[in-house]
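Since every read-out is calculated from the coordinates, none of them should be taken as a lab result. Keep in mind it's a predicted model, so treat the numbers as computed, not measured. No Cβ is skipped: glycine too gets one built from the backbone with ideal geometry, and neighbour counts run over all protein chains shown.
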Amino acid sequence: MAEIRVENMTKSYPGGVVALTDVSLTVTDGEFMVLLGPSGCGKTTLLRLIAGFEVPDSGTVSIGGRDVTDEPPRRRGLAMVFQSYALFPHLKVFDNIAFGLRMHHTPRETLQSQVHQASELMEIQTLLGRYPSQLSGGQRQRVAVARALAMKADVILMDEPLSNLDALLRLQMRAELKRLLQEVQATTIYVTHDQVEALSMGDRIAVMRAGEILQVDGPMAVYDRPRDSFVAGFIGSPPMNLLEGEVSAEGVAVEGNTLALDEPDGLRPGDHVLVGIRAENLGVSRTRSSGALPGRVRVVEPLGSHLLVTIKVGNQQVKVTTPVDFGVHGDEDVWIMVKPGSVRLLPAMR
């Protein structure tokens, strides 16, 4: 078992910088957990505390039911992939992959077997005799991952491992990493600021901001039912539309228009809320229909498979996706239709 449990973790640095505030998180055995958030939110600090590279001000870390808070990294039974690859330039690829095994005094035959297995998984068998300077960025990343896999650790920690790759290679590596980690069945924590990576790779996502975890949920739950306006605005491209509204007896009023609600979630008439609606759950028409919102087109952005249309609704704006052949133009008056059951109510911003 390699369950990871972080309880009430707090970490600060000199100068009054608080990186984490009372953070608790449980990663189940064999789970792929993604820590997602903007730069400076504390996700890498949390990863380094789990790895043992940092000492917490308070709180505990346990791996497989064993308290490792005071254990050095080498005794925690984990492997790590760094953002910078961290390859030794004077060592060939074989020796870079074998480095951790040698530090653990692995027998020679076992070492060679595990290095070759890892290199086969990452499809870099032909590169074992080269130096890092002779490799491309994608090949270096494969070596860094192979080094972690060779350890056969129960826990793998990854700190933005794909951020230095170009977009096309990142797309390819993302799919390969997901397949690979499903095969090895290691408990994995993956740090990223890229919400596409998080949604496509993780079993669950922990969304962080300012040293706190705001929501831990499955990818589609985080996308479709965010619990916080920050989560709603951070996840998705474009982000979820957030409109100021007020709960009424008939639903929720937005700019003088009423949208129907399936679940009022215990809210009362007069409560101020944020109305969240995804762009793909909105439609545009030139003719009025029941429950539609009136608006005026501000910007039309062709994105290949669809148009992204920015529409002004009263004093607020929404983004809507439409088919490429819709033919809408700027300053055109339109009606916005809301897909039934797609409205999400969030606490109003303070």
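With a 10 Å Cβ neighbour count serving as the proxy for reagent exposure, in which order, fewest first, do His272, His105 appear?
His105, His272
With a bin width of 20 angstrom, please list the P(r) values of the chain as percents of all Cα-Cα pairs, from the 0 bin to the one holding the largest distance.
26, 46, 24, 3
Using a Gaussian network model of the chain with C-alpha springs under 10 Å, which one of Arg147, Arg48, Arg268 is most mobile by mean-square fluctuation?
Result for the chain, Cα springs under 10 Å: Arg268 fluctuates most.
Under 1.5 on a/c is rounded, so check that first for segment 42-199, then, if it is not, pick prolate when a/b is larger than b/c and oblate when it is not; a ≥ b ≥ c are the square roots of the alpha carbon gyration tensor eigenvalues.
In terms of gyration-tensor shape, oblate.
Among rounded, prolate and oblate, which fits segment 202-324 when a ≥ b ≥ c are the square roots of the eigenvalues of its C-alpha gyration tensor, a/c under 1.5 means rounded, and a/b larger than b/c means prolate?
Taking the square roots of the gyration eigenvalues as a ≥ b ≥ c, segment 202-324 is oblate.
Say we join alpha carbon atoms closer than 10 Å with springs in a Gaussian network model of the chain; which of Pro239, Pro219, Pro89 then has the biggest fluctuation?
Of the options given, Pro89 has the highest mean-square fluctuation.
Which of rounded, prolate, oblate describes segment 1-42, given a ≥ b ≥ c as roots of the alpha-carbon gyration tensor eigenvalues and a/c under 1.5 marking rounded, otherwise prolate only if a/b is larger than b/c?
oblate
Let me check against my output: what whole-number percent is the relative contact order of segment 238-347, with C-alpha pairs under 8 Å and at least 6 apart?
In percent, rounded to a whole number, it is 30.
Provide the percentage of antiparallel DSSP beta bridges, counting only those with both residues in the chain; round to the nearest 5.
75
Over the chain, what is the relative contact order in percent, taking alpha-carbon pairs closer than 8 angstrom and at least six residues apart?
16
Across the chain, how many lysine pairs, 8 or more apart or on two chains, come within less than 29 Å at their alpha-carbon atoms?
8
Quick one: which residues, 5+ away or cross-chain, put their amide H under 5 Å from the amide H of Ala348? H built at 1.01 Å from N.
Correct list: Leu274.
Lys and Arg at +1, Asp and Glu at -1: add these up for the other residues within a Cβ distance under 11 Å of Leu307 and post the number.
-1
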